[in-house]
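Working notes for the structure below.
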Amino acid sequence: MAGKVSTIGVLTSGGDAPGMNAAIRAVVRSAIVHGKKVKGIKKGYSGLMAGEIVDMNAKSVSDIIQRGGTILQTARCEEMYTAEGVEQAAKSCKENDIDALVVIGGDGSFRGMKEISSYGINTVGIPGTIDLDISCTEYTIGFDTAVNTAMEAIDKVRDTSTSHERCSIIEVMGRHAGYIALWCGLANGAEDILLPEKYDYDEQKLVDHIIENRKRGKKHHIIINAEGIGRSIGMAQRIEAATGLETRATILGHMQRGGNPTCKDRVYATTMGCYAVDIICQGKTNRVVAYKDGDFTDFDIEEALGQKKEISEYQYRISKELSI
Ligand code: F6P
């Protein structure tokens, strides 16, 4: 059973994601409504260790629901993979009277959170990553904005690709996960989608597919390549040499992580922020907030981290079927 929580700390960790600000706002204001104090921790676990912690009130989160990035800033903190780092983070929570910690971030951030909880600090995770690669949830903060940003950019590339009758390789984010690539591939009607989970590195197949499509009269050939496969520029050069068709590579990069969050990201991030505070106030400990089977829910941290998530075979198959 958890001890009484007086002060809730909140941090964002790992890559930023549009909608994180909406979640911060919800955590801060919901905590205030529940009569709790709230502390904002700057720059993720690095800031926690360094004591970069500020008191927050309702006003601190004014005018942020619509903004991309995270007002608390974020970091990838290698020290959290060491026992000393975790101990320092837990010590900082205690010194700053933080008895419950809300972590908005991805799987790696949740692992750090689990370690901190072994020092008796209540922790709750909110899934925040544009990659959608957190197993226990069908929604992560930022994915919707990121895929919409990428989709619009790909539409633009497609216009010029068609005008010039070119082949275009567009690289989207996702080092280990192909969800952004798969969704963009489906949304943009791409001819080929290369996912880290699926790609067999057989470029001859791509070349054959491009030539076949050209014979069918297609004026462009869009290949969505996930960052985890990468090397889009070299791939474009090789494809141009093999097909004789002008081929260009466009790497969308970090533009996918910025921008104003979509309505879905604002609403879901807000709901998850409030949900996190609600379960802390109910006395639940060490949970991860999730969206599953059409509703918001929460999982024990161990269970959340133990689950496995696969790319939808069905969506992958139809993306291929439709690219005729
Ligand atoms: O946060 C997720 C993500 O954007 C991945 O898609 C990408 O592989 C990675 O972060 C890039 O990280 P960084 O901004 O540290 O280069």
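Points worth noting:
- Shape category assigned to region 26-148 from the gyration tensor of Cα positions, a/c cut at 1.5: oblate
- For region 23-79, alpha-carbon Rg and Dmax in angstrom: 11.9, 35
- Seen through its C-alpha gyration tensor, with square-root eigenvalues sorted a ≥ b ≥ c, region 131-170 comes out prolate because a/c lies at 1.5 or above while a/b is bigger than b/c.
- Its alpha carbons give the chain an Rg and a Dmax of 21.7, 70 Å.
- Spin-label pair N57/D295, simplified geometry with 7 Å Cα→Cβ offset, distance in nm: 3.8 nm
- The alpha-carbon of K309 sits under 17 angstrom from the alpha-carbons of these aspartates and glutamates, leaving out residues fewer than 8 places away in its chain: D107, D131, D133, E138, E197, D293, D298, D300.
- Region 1-99, relative contact order [Cα under 8 Å, separation at least 6], %: 37 percent
- In a reduced charge model with +1 at each Lys and Arg Cβ and -1 at each Asp and Glu Cβ, the chain shows a dipole moment near 720 debye about its Cα centre.
- Whole-angstrom gap from region 196-272 to region 71-123, using each part's C-alpha centre: 36 Å
- When all protein chains stay in place and ligands, DNA and RNA are ignored, the 1.4 Å accessible-area order of R257, R231, largest first, is R231, R257.
- For the chain, the mean residue ellipticity at 222 nm estimated from helices alone is -13000 deg cm²/dmol, where every DSSP H run of n ≥ 4 contributes -39500 (n - 2.57) and the total is divided by all residues, rounded to the nearest 500.
- In Å², nearest 10: area of L195 left accessible to a 1.4 Å probe: 0 Å²
- Here's the picture: charge each Lys and Arg Cβ at +1 and each Asp and Glu Cβ at -1 in the chain, and of S62, L72, G174 the one pushed furthest to the positive end of that dipole is S62.
- Dipole-positive endmost among H209, F299, L195 within region 172-319 (Cβ charges, Cα centre): H209
- Charging the Cβ of each Asp and Glu at -1 and of each Lys and Arg at +1, and nothing else, the dipole of region 71-175 about its Cα centre rounds to 80 debye.
- Largest to smallest accessible area among Y314, Y179 [probe 1.4 Å]: Y314, Y179
- Solvent-accessible surface (1.4 angstrom probe) belonging to I71, in square angstrom, nearest 10: 40 Å²
- Accessible area of Y139 in the full protein assembly, 1.4 Å probe (Å², nearest 10): 10 Å²
- Exposure ranking of E310, E227 by accessible area [1.4 Å probe, largest first]: E310, E227
- Cα gyration tensor category, rounded, prolate or oblate, for region 260-324 with a/c compared to 1.5: oblate
- Burial order of peptide ranges 206-216, 124-134 (average beta-carbon count within 10 Å, highest first): 124-134, 206-216
- Cα point-scatterer Debye curve for region 179-220, base-10 log of I(q)/I(0) at q = 0.23, 0.26 Å⁻¹: -0.86, -0.98
- Dipole check for region 169-250: with +1 at the C-beta of Lys and Arg, -1 at the C-beta of Asp and Glu, and the Cα centre as origin, the magnitude is about 240 Debye.
- Candidates L322, S13, N148 compared by Cα position along the dipole of the chain: farthest toward the positive end lies N148, with charges placed on Cβ.
- Expressed as a whole percent, the accessible surface of region 74-195 that belongs to carbon and sulfur atoms is 45, based on a 1.4 Å probe.
The values are calculated or read from the model by the stated rules, or taken from the named source; none is laboratory data. Small disclaimer: the values here were computed from a predicted structure and weren't measured. Neighbour counts run over all protein chains shown; Cβ positions are idealised from the backbone, glycine included. Accessible surface areas use protein heavy atoms only, side chains included; no ligands, DNA or RNA. Shrake-Rupley method; radii C 1.70, N 1.55, O 1.52, S 1.80 Å.
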